[in-house]
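Chemist: Dropping the structure in here first, questions after.
All of the numbers you see were taken from the coordinates with simple rules; none came from a lab. In this text, all values refer to a predicted model and were calculated from it rather than measured experimentally. Neighbour counts are summed over all protein chains in view; Cβ atoms, including those assigned to glycine, are modelled from backbone coordinates with ideal geometry.
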Amino acid sequence: MFLSVKEMEVRKVRFEETFQPGEIDFSADAVKQSGPLRAEGVAELLANTDGEVRIKGLLSVTMEAECDRCLGRAQFPLDTGFDLFYRPSKALAVEPEVAIDEGEAEMGFYTGLGMGLEDVLREQILLLLPMQRVCSADCKGICPVCGGNRNETSCDCREEPANDRWSALRKISRG
Ligand SMILES: [Zn+2]
Ligand SMILES: [Zn+2]
């Protein structure tokens, strides 16, 4: 869905959309949707600004990624509000020297006649996901000795210090 600034000049643009997995491209981000993404809210052009747009709403979706520890599936249910500000990027294009000060870090930019709701949601979802992506806080990870998933099987491997294992291997290879 395209959020047209031209339309916002006349009225607030309301949206209530559902995106099925695959409709928004997360393939470059090592995450995917587990189910439909629902989003609703309103986009408006702020008065007395140079084309600043505010997009406020709610989104709910479950995302999934590979667990950082066990490589299994880690799920991240998101159900949250958002309140975002976008400014036309032409001001920057004209004056490339302009530095963006830190206070503006939360400000997004749009080019042309508006922005795609899909892009807005994708960006927001990526920001909401935790840096450390684990299937559960107490995920036991993968056994470094046998490679088994310790959440599924409890192996009897004893973790020896890495140096000892290497010297054991050397002994074997010397025969
Ligand atoms: Zn895990
Ligand atoms: Zn093991």
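Chemist: Residues in segment 114-144, backbone N under 20 Å from the label point at T153 (7 Å along the Cα-to-beta-carbon vector): list them, ranges by number please.
Modeler: Those under the cut-off are 139-144.
Chemist: Tell me the net charge near R133. Cut-off is 10 Å between Cβ atoms, R133 excluded, with +1 for each Lys or Arg and -1 for each Asp or Glu. If you can, show how the numbers build up before the last one.
Modeler: Numbers: positive: R69; negative: E64, E66, D68.
Around R133, the charge tally is -2.
Chemist: Please compute the length gained on full extension between F2 and S136, using 0.36 nm multiplied by the number of residues separating them and subtracting their Cα-Cα distance. Spell out each step's value before the answer.
Modeler: Working: separation 134, 0.36 × 134 = 48.24 nm, distance 3.66 nm.
Here the segment from F2 to S136 would lengthen by 44.6 nm.
Chemist: How would you classify segment 42-88 from its alpha-carbon gyration tensor, with a ≥ b ≥ c the square roots of the eigenvalues: rounded for a/c under 1.5, else prolate if a/b is greater than b/c, otherwise oblate?
Modeler: Values: a/c = 6.41, a/b = 3.03, b/c = 2.11.
Cα axes put segment 42-88 in the prolate bin.
Chemist: What net charge is computed for the residues neighbouring P36, neighbours being all others with C-beta under 12 Å from the C-beta of P36, Lys and Arg scored +1, Asp and Glu -1?
Modeler: Numbers: positive: R38; negative: E17, E23.
Local charge sum for P36: -1.
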